[in-house]
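Encoded as structure tokens, the structure appears first; notes follow it.
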Amino acid sequence: STMRKRKTTDSPPSSTDLSEGKENLRLKQEVGLISGVSLIAGTMIGSGIFMSPEWVLHHMGSPASSLLIWTACGLLSMFGALSYAELGTIIKESGGEYIYILRIFGSFPAFLFAYTSVILVRPAGLAAVCLSFAEYAVAPFYPGCSSPQVVVKCTAAACILILTIINCLNVRLATSIMNIFTAAKLLALLVIVVGGLVLLAKGQTQSFQNAFQNTTASIGTIGVAFYQGLWSFDGWNNLNYVTEELKKPEVTLPRAVMIAIPLVTCLYLLVNVSYLAAMTPSELLSSGAVAVTWGDKVLGSWAWLISLSVALSTFGSSNGTFFSGGRVCYIAAREGHMPDILSMAHVRCLTPSPALLFTSAMSLIMIISGSFTSIVNFFSFIAWFFYGMTITGLLYLKIKKRELPRSYKVPIIIPVIVLMAAVYLVLAPIIDQPQMEILYIVLFIFSGVILYFPLVRFKCHPRFLQRVTLHLQLFLEVAPTTRDAN
């Protein structure tokens with residue numbers, strides 16, 4: 001059949017390492033503390049810090065209030081990650097929100113999450129990062145003016161196609177590219193931080209005089225500013241997607257969170273201070289590519305290095321997003337919530353090519369139809385809706401299931417704060433600035449009901465879907481991966 005039978009909760013979690021082919025393997029526990037910190041920080045530091053400062057300042061109206069938003073975003077991400085760390089020590093399975101919602105609330109809400117994540121959230125995240133890459137890649141060819149949107153979107157589409165080829169051909173090549181480009185992004189940020197400190201030492205502090213002037217007080221606008229800031233922190237929950245691969249997850253997960261997120265928050269604040277030291281608020285707002293404008297002002301003839309470094313950084317981040325994008329899809333297929341074809345691997349390359357191709361196609365649609373800022377806003381709306389649901393599950397376990405063994409406990413006030421923030425981030429823009437697009441997203445989430453009951457609940461699988469699956473298997477040269485018999 002085209003949908004796998006859902007695994008019962010009585011059976012122990014198992015999976016298949018796609019990089020090892022069809023051998024009967026569990027995911028290996030090879031991710032230690034240093035790797036865990038690198039995974040969180042490397043995923044968080046992507047395109048956002050090079051694109052979002054302009055939009056946070058635009059919505060908040062003043063430099064000081066925008067820095068407060070960045071600080072609050074880091075604190076909220078820290079609280080969210082600590083809450084997820086407790087969940088990860090109770091439910092020691094990979095899959096992040098999907099597996100937590102499945103185990104706590106059951107099949108139906110988990111299916112809605114998987115359906116929305118695979119079709120909308122993951123592709124939207126990839127599209128936003130690739131659009132960021134494109135902005136910086138083409139900026140040097142259009143000095144002194146904004147890059148044409150057609151050129152930007154074509155470049156972003158080409159980026160997705162290249163990533164698809166790389167990730168479908170070879171797992172090792174994809175991971176090597178990820179490591180190389182992580183070094184590039186750290187170098188780019190360090191250059192910006194050092195340059196900003198030099199400017200401040202020379203007395204360039206005009207942006208910080210009357211720093212709260214023109215601050216916005218609208219709750220909806222503040223919510224949208226949070227969306228743009230939190231986009232830069234997206235990835236704080238990434239370690240929960242690989243819980244089965246962590247060495248001593250009960251120790252590694254909380255420690256990695258406590259190291260990585262404060263480190264990234266401090267780095268982001270220093271980068272924003274550097275931007276404001278080099279540019280006035282009005283100059284920052286008129287910049288289509290903030291880091292490039294900073295490079296033009298600070299580095300002069302060497303400004304092309306910033307453009308190159310940021311383009312490499314965002315390309316590496318998009319590769320990481322693409323590489324991990326199939327994990328929820330694969331696990332959802334394993335649990336019977338996605339078409340069977342999406343959990344298959346290429347017979348020679350040993351990569352999850354169907355899931356990657358599907359993510360690629362959906363991301364291309366996102367690029368054609370949206371801009372960076374609109375994609376980020378709608379991505380954040382959906383993400384925080386499901387973050388709130390997951391945190392509600394943690395609160396339920398803390399109150400009703402206190403007997404469950406857990407090696408790490410977060411104070412209950414922390415998930416309560418995260419839940420309140422999630423409710424605010426979902427409702428504030430709707431109440432203050434209602435948009436039809438938000439209604440469309442909500443309708444899309446609940447449109448999963450139409451698919452869930454016939455395909456998952458009652459297992460009504462039309463025969464033509466079986467034929468389609470067979471033909472796709474032959475065309476894509478993929479086969480089902482073997483699951484652990486235990």
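The values are calculated or read from the model by the stated rules, or taken from the named source; none is laboratory data. Predicted model, so just to flag it, every value in this text is computed and none were measured. Don't worry about glycine lacking a Cβ; one is built from the backbone with ideal geometry, like all the others, and counts go over all protein chains shown. Each accessible area value is taken on the protein alone, full model and side chains, heavy atoms only, with ligands, DNA and RNA left out. Shrake-Rupley method; radii C 1.70, N 1.55, O 1.52, S 1.80 Å.
Structural remarks
- In summary, region 200-284 shows an alpha-carbon radius of gyration equal to 1.51 times the 2.2 N^0.38 Å reference for compact globular proteins.
- In this simple spin-label model, placing a label point 7 Å from the Cα along the Cα-to-Cβ direction at both GLU283 and ALA183 gives a separation of 3.3 nm.
- When the charge dipole of region 325-426 is built from unit charges on Cβ atoms (+1 for Lys and Arg, -1 for Asp and Glu) and taken about the Cα centre, the candidate among THR359, ALA422, LEU404 whose Cα reaches farthest toward its positive end is LEU404.
- Remark: the chain carries 42 Å² of accessible area per residue (probe radius 1.4 Å; ligands, DNA and RNA excluded).
- Accessible area, probe 1.4 Å, largest first, for residues ASP340, ASP234: ASP234, ASP340
- Solvent-accessible surface of protein heavy atoms, probed at 1.4 angstrom with all chains present, puts MET258, MET60, MET420 in the order MET420, MET258, MET60, largest first.
- Sorted largest first by accessible area at a 1.4 angstrom probe radius, with every protein chain in place, the residues LEU190, LEU39, LEU397, LEU267 fall in the order LEU190, LEU39, LEU267, LEU397.
- At least 18 Å along the helix axis (C-alpha) and Kyte average at least 0.0, DSSP helices within the chain: 63-90, 122-138, 149-169, 171-201, 219-233, 249-278, 304-324, 353-369, 372-400, 413-432, 463-476
- Computed over region 41-190, the Cα gyration tensor eigenvalues convert (square root of 5λ each) into semi-axes of 30, 23, 16 Å, ordered from largest to smallest.
- In Å², nearest 10: area of VAL150 left accessible to a 1.4 Å probe: 110
- Pair-distance profile P(r), taking every C-alpha pair of region 379-486, with 10 angstrom steps and integer %: 11, 23, 24, 26, 16, 1
- Placing unit charges on the Cβ atoms only, positive for Lys and Arg and negative for Asp and Glu, gives the chain a dipole magnitude near 1240 debye about its Cα centre.
- Enclosed volume per residue, in Å³, of the convex hull spanned by Cα atoms of the chain: 142
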